[in-house]
Amino acid sequence: MPHAEGLQVLGLKRISGGSSRETYSFDLEWREGGETRSRPLIGRRDPTGGLLKSEREREFRVIEAMHRAGLRVPEALFLELDHSVLDRPFFVMHRTAGRTSNGAVPASEPAQLREKLAHQFLDELVRIQSLDYRALGLAFLGEPRDLAEPARVQSAHWTEIYHRDRMGEHYPLLDAAFAWLAANPVVADRITVVHGDFRSGNYLYDDEGLIALLDWEMAHLGDPIEDLAWAAMRFWGREELAAGLMEREAFYRLYEQKSGHPIDRARLRFYQILGDAKMAVICLTGIRDFIEGRTTDSVMPFLKILLPALFQDLAAQLRLV
């Protein structure tokens, strides 16, 4: 901002949630061209430890590309990789007003709003999956060599993290899940951008509907069914409502209608099993970082209470119950 004078950071506060990042809300005020100007902003800084390990530059470039492509994504503004500025890398993006939820849209929201959100949620998913990722400069996310690679890479990636972060404990159901994934690979029908954490709780909305998609730190290139399966996991929903928005089979039919692609149920099951196992591993990572002193986030010790629900879903998906 070479022409700005008298910059001030106002109303700085840390936002709860988003345990994979330290997230701060603030307003920037400055003078330029004889006028006082301001802008609402969000700062995202690397934590000392937490649920996920990912790169700031990678997330920033994805958000910038999604905004440029016209998706409902806040504008990415500044990236700082020099640790000397704020101890750890961070970036700054535009702050959008709206409310969010903890994994499922609350039952108190009107049914009409939930239905509208379901349509908009899937509209955005279909738009993500229709992007030309090469034209957007996103091939750096790791272009698979063939259609069989996404399932192999994702299951191997989360298996490796599981063995690293389980701290010597044995979880037979996770062992069974990762063994099943290795023995039952699936083949994608196409390669698209995958958000990696596409669910209710990772977007802002108001009474008029969906405003902005958030949390792109797990974005990669892979099988489009991965995002659909993650969004519809029972762990995020309420009862039989996918994403806490719409009855699960109706949700799937709506996706097929909007995307023009029939859902391969074998691939859907594969990625839902991977999703439950992945979420369990993310919890184990947070617990390990707390125990080993890499984070003081008070949420981390309580992540273990989420494991029984994930294990129950896994057992059902693996048809062990």
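Within region 143-197, the set of residues being more than 20 Å from LEU268 (Cβ to Cβ) and basic (Lys, Arg) comprises ARG145, ARG164, ARG166.
Listed by first and then second residue, the pairs with beta-carbon distance under 9 Å, at least 6 apart or on different chains, first residue in region 273-293 and in a helix (DSSP H, G or I), second charged (D, E, K, R) and buried (at least 24 other Cβ atoms within 10 Å of the Cβ), are LEU274/GLU226; GLY275/GLU226. Return the pair list, or none, for Cβ contacts closer than 9 Å from residues in region 79-104 that are within 26 Å of SER38 (Cα to Cα) to residues that are modelled with pLDDT of 95 or more and polar (S, T, N, Q), at least 6 apart or on different chains. Pairs found: ARG95/SER25. Every listed requirement among (1) surrounded by fewer than 17 Cβ atoms within 10 Å (Cβ to Cβ); (2) under 19 Å from the mean Cα position of the chain (by Cα) is met by ASP206 save one, (2). When the criteria are applied in full, ILE128 meets the requirement of being under 20 Å from PHE198 (Cβ atoms), of a type outside the set (Ser, Thr, Tyr), buried (at least 20 other Cβ atoms within 10 Å of the Cβ) and touching a residue at least 24 places away in the same chain (Cβ under 8 Å). Among the residues of region 249-292, which ones are under 26 Å from SER108 (Cα atoms), surrounded by fewer than 17 Cβ atoms within 10 Å (Cβ to Cβ) and of a type outside the set (Asp, Glu)? Correct list: ALA250, ARG253. If only residues of region 80-108 that are touching a helix residue (DSSP H, G or I) at 6+ places or on another chain (Cβ under 9 Å) and buried (at least 17 other Cβ atoms within 10 Å of the Cβ) are counted, the one that is farthest from ALA231 (Cα to Cα) is GLU80.
Confirm whether PRO150 is touching a His at 6+ places or on another chain (Cβ under 9 Å) and modelled with pLDDT under 95. When the stated conditions are applied, PRO150 does not pass them.
Based on what the data block shows, is THR295 over 26 Å from ALA177 (Cα atoms) and among the β-branched types (Val, Ile, Thr)?
Numbers: over 26 Å from ALA177 (Cα atoms): yes; among the β-branched types (Val, Ile, Thr): yes.
Here the answer is yes, as THR295 does meet what is asked.
GLY137: assigned by TED's automatic domain parsing to the domain that holds LEU284, within 25 Å of PHE60 (Cα to Cα), modelled with pLDDT under 95 and surrounded by fewer than 17 Cβ atoms within 10 Å (Cβ to Cβ), yes or no?
Values: assigned by TED's automatic domain parsing to the domain that holds LEU284: yes; within 25 Å of PHE60 (Cα to Cα): yes; modelled with pLDDT under 95: no; surrounded by fewer than 17 Cβ atoms within 10 Å (Cβ to Cβ): yes.
Taking the combined requirement at face value, the residue does not satisfy it.
Of everything in region 147-164 that is crowded, with 18+ Cβ neighbours inside 10 Å and farther than 19 Å from ILE263 by Cβ, the residue that is farthest from the chain's Cα centre (by Cα) is GLU149.
The values are calculated or read from the model by the stated rules, or taken from the named source; none is laboratory data. Everything quoted here is computed from the prediction, not taken from an experiment. Reconstructed Cβ throughout: ideal geometry from the backbone, glycine too, with neighbour counts over all protein chains shown.
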